[in-house]
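Below: the structure, in structure tokens.
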Amino acid sequence: MDRAPDTLYLHLADQLAGSIRAGTLARGERLASVRELARQRGVSVSTVVQAYRTLEDARLIEARPRSGYFVAGRAGRRPAEPDTTPLPAQAQLVAVSSLAAKVMALANDPDVLSFGAVCPDAELFQQERVRRAVSRAAQRHRASLCRYPSGSGALEFRRAVARQALALGCQLDPERIVSTTGCQAAISLCLRAVTQPGDVVALESPTSFGFLELLESLHLRALEIPTHPRQGMSVDALSLALDTQPVKAVLAVPTLSNPLGSCMPVGERRRLAQLVAQRGVPLIEDVIYNPLCGPEHRRAVRSFDGSGHVMLCGSYSKTMTPGVRVGYVEAGRWTPEVRRLKTVHSGSFTELMELALADLLLQPGLESGFRQLRTAVAARVDEARGIVAESFPKGTRVTDPPGGFILWVELPPGSDAMALFEACLCERICIAPGAIFSTTGRYRHCLRLGLGGRWDEAQRRALRRVGELAHRVLPEAVSTG
Ligand SMILES: Cc1ncc(COP(=O)(O)O)c(C=O)c1O
């Protein structure tokens, strides 16, 4: 990690933002004075001033005249958080793809005010840096465009991934890393390597609709495991499921699961690695969102796995560049099969883009880029939670994730989030209705808000409007009572 003086303030801001999000620094609490903090941390006064300004810009703290800096206070209007999702049901065949496709098409429509997608807006990425890396790769590796690539991907890329994996606590052998066209493709290869049509896959509940679409296309059955909005998938419930059902693979996002934003505590990650090793069941671990958390949440389950049962999948689509379309997988004991499937199903690899991504991953300033992104999205997530608290019906619950740009909203039980989706569409606003995040029909009163896109006055107004419209879809007893 870099600690150049010009990024020290970002590091400090990031640490403080983490403490605020974790609740260690409570809303309304007074922060150390600039001089005190400079003395405590052994940094200059101007570093602290810059850090406080960054947090102020991010609306995480506020300066009060002649009193100092305070954690931005939303004490009076903090909405409750959702509870752990319910006990496992039977495994279900999946059928979410047509509604999911509709949501995605709307989410990407420029005429729609969208909370549907989960990718940061281009302006949040270091676009010039990405462009320069791609043109540098094209200059330096001209020949690669007019020849078939050979082998298992650009070694530079696989080395860069192995180096980045150190931040996840993993020591990977670059020779065993397989490049893919994104993280979803990596997961698809893993599922194909370890399952047959009709098999059962255990995963978080609710889960990413991209995963459900994948299961649907591979004719797999989903077994949804109770998941806590802060602690992630319940390892106890998973253990019970492995005892009672023929689970062939587990698919999990231990850091910032989509849509709950949960982060498994380190001890649970260790237990999960032990569990899958004992039962001989592969765990497909998705680490796509790890850079959106501070270092305390980044350690991968894979780092506790000595038996090769954890298949690590990732990409930088959410944190650096979705357009480069390069991801990776290190598939543990299934590496030869995954490599074979990769060659059969997607031919070979896009050498030039891998080289560009390797360049980006190895440049100094990568960490500070992630920190900037984290701080920028933390501010809007905080603001959006405040809008939910003010504008949505009484009894609405909303997650408070330690990073990322996704909120999961539970309207009062019995509310109809599909009706809300339709009502929003009439006003050119897109939300993602809870129904597409599960095969169980349990989340019909829920919705996901993706806050990575545009964030301006129009979006704020649109979110308030979603809250107003939500009053119309309440169950009878609540709306009249
Ligand atoms: C948890 C998770 N994994 C993977 C992906 C897809 O990643 P990629 O764009 O690299 O294929 C997404 C995108 O929404 C996601 O939320």
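Here are some notes:
Yes or no, residue by residue, for (1) over 25 Å from V200 (Cβ atoms); (2) in the same structural domain as V247 (by TED's automatic domain parsing); (3) within 15 Å of the ligand (Cβ to nearest atom); (4) in contact with a strand residue (DSSP E or B) (Cβ under 9 Å, 6 or more places away or on another chain):
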site: L283; (1), (2), (3), (4): no, yes, yes, yes
site: N290; (1), (2), (3), (4): yes, yes, yes, yes
site: P295; (1), (2), (3), (4): yes, yes, no, no
site: G306; (1), (2), (3), (4): yes, yes, no, no
site: H309; (1), (2), (3), (4): no, yes, no, yes
site: P322; (1), (2), (3), (4): yes, yes, yes, yes
site: R340; (1), (2), (3), (4): no, yes, no, no
site: T343; (1), (2), (3), (4): yes, yes, no, no
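- Within segment 190-215, tally of residues that are within 16 Å of the ligand (Cβ to nearest atom) and in a loop (DSSP other than H, G, I, E, B): 3
- Scanning segment 170-189 for residues that are in a loop (DSSP other than H, G, I, E, B) and either touching a strand residue (DSSP E or B) at 6+ places or on another chain (Cβ under 6 Å) or within 15 Å of the ligand (Cβ to nearest atom) (or both) yields L172, I177, T181, G182.
- Filter result (away from the ligand (no atom under 16 Å from the Cβ) and not small (G, A, S)) within segment 150-164: L155, E156, R158, R159, R163
- If you go through segment 307-316 and keep only what is touching a residue at least 40 places away in the same chain (Cβ under 8 Å) and either among the basic types (K, R) or open to solvent by 10 Å² or more (accessible area, probe 1.4 Å) (or both), you end up with just Y316.
- In segment 216-241, the residues that are under 15 Å from T399 (Cβ atoms), open to solvent by 30 Å² or more (accessible area, probe 1.4 Å) and either within 16 Å of the ligand (Cβ to nearest atom) or assigned to a loop (DSSP other than H, G, I, E, B) (or both): R230, Q231
- Unique match (being within 10 Å of the ligand (Cβ to nearest atom) and buried (at least 24 other Cβ atoms within 10 Å of the Cβ)) among V301, V326: V326
- Residues within segment 433-481 that are at pLDDT 95 or above and aliphatic (A, V, I, L, M), tallied: 9
- Single unsatisfied condition, A167 versus (1) open to solvent by 40 Å² or more (accessible area, probe 1.4 Å); (2) within 16 Å of the ligand (Cβ to nearest atom): (2)
- Residue check, S208 open to solvent by less than 40 Å² (accessible area, probe 1.4 Å) and either in the same structural domain as K342 (by TED's automatic domain parsing) or of a type in the set (V, I, T) (or both): yes
- Of all residues in segment 92-114, those being open to solvent by less than 80 Å² (accessible area, probe 1.4 Å) and either touching an Asp or Glu at 6+ places or on another chain (Cβ under 7 Å) or at pLDDT 75 or above (or both) number 15.
- Residue satisfying condition, being of a type in the set (A, V, I, L, M, F, W, C), touching a Lys or Arg at 6+ places or on another chain (Cβ under 7 Å) and in contact (Cβ under 8 Å) with a residue 12 or more places away in the chain, within set L168, L215, L155: L168
- Flag for S144 being closer than 26 Å to F437 by Cβ, away from the ligand (no atom under 14 Å from the Cβ) and among the small types (G, A, S): no
- For V118, the criteria (1) within 16 Å of the ligand (Cβ to nearest atom); (2) assigned to a helix (DSSP H, G or I); (3) surrounded by 16 or more Cβ atoms within 10 Å (Cβ to Cβ) hold in every case but one, which is (2).
- Failed item in (1) away from the ligand (no atom under 16 Å from the Cβ); (2) β-branched (V, I, T); (3) surrounded by 24 or more Cβ atoms within 10 Å (Cβ to Cβ), with T244 passing the rest: (3)
- Helices (runs of 4 or more DSSP H) (entirely within segment 343-435) containing at least 1 residues that are small (G, A, S) and open to solvent by 30 Å² or more (accessible area, probe 1.4 Å): 366-391, 417-426
The values are calculated or read from the model by the stated rules, or taken from the named source; none is laboratory data. For clarity, every value in this text was computed on a predicted model and none was experimentally measured. All Cβ positions, glycine included, derive from the backbone under ideal geometry; neighbour counts span all protein chains shown. To get the accessible areas, we keep the full protein, side chains included, count just its heavy atoms, and leave off ligands, DNA and RNA. Shrake-Rupley method; radii C 1.70, N 1.55, O 1.52, S 1.80 Å.
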